[in-house]
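One structure is given here, and the rest of the page talks about it.
The values are calculated or read from the model by the stated rules, or taken from the named source; none is laboratory data. For clarity, every value in this text was computed on a predicted model and none was experimentally measured. A quick note on method: Cβ atoms are made from the backbone with ideal geometry, for glycine too, and the neighbour counts reach across all protein chains shown. These area figures cover heavy atoms from the full protein model, side chains too; ligands, DNA and RNA do not enter into them. Shrake-Rupley method; radii C 1.70, N 1.55, O 1.52, S 1.80 Å.
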Amino acid sequence: MNIELALIAKIIEEESLIKVIDKQITLKYFSGKLKQYFKFIQEHQKKYGKPPSKQVFTRKFTNVDLEPPA
């Protein structure tokens, strides 16, 4: 799992963007599909006041594995 996906997984797990906002991590830190995932998280945060749950996220992005490798 790369660092970008690990960060997205952590946001989903904690259902919080506070640490990401505090570190000033923005969309520019992501590339490819990961940019799309982070944008979805930001939009969900803006609309509902919190990041999406794992269930909501994986329903939108069915091919994403948020589990860390064993």
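Residues in region 13-41 that are at negative phi and open to solvent by 70 Å² or more (accessible area, probe 1.4 Å): 13 in all. Entry remark, region 20-36: residues being part of a helix (DSSP H, G or I), of a type outside the set (A, V, I, L, M) and either in contact with a Phe, Trp or Tyr (Cβ under 6 Å, 6 or more places away or on another chain) or more than 14 Å from LEU5 (Cβ to Cβ) (or both) number 2 in total. When residues in region 47-62 are screened for being open to solvent by 50 Å² or more (accessible area, probe 1.4 Å) and outside any helix (DSSP H, G or I), 3 of them pass. Number of residues in region 1-20 that are more than 16 Å from PRO52 (Cα to Cα) and of a type in the set (A, V, I, L, M, F, W, C) equals 2.
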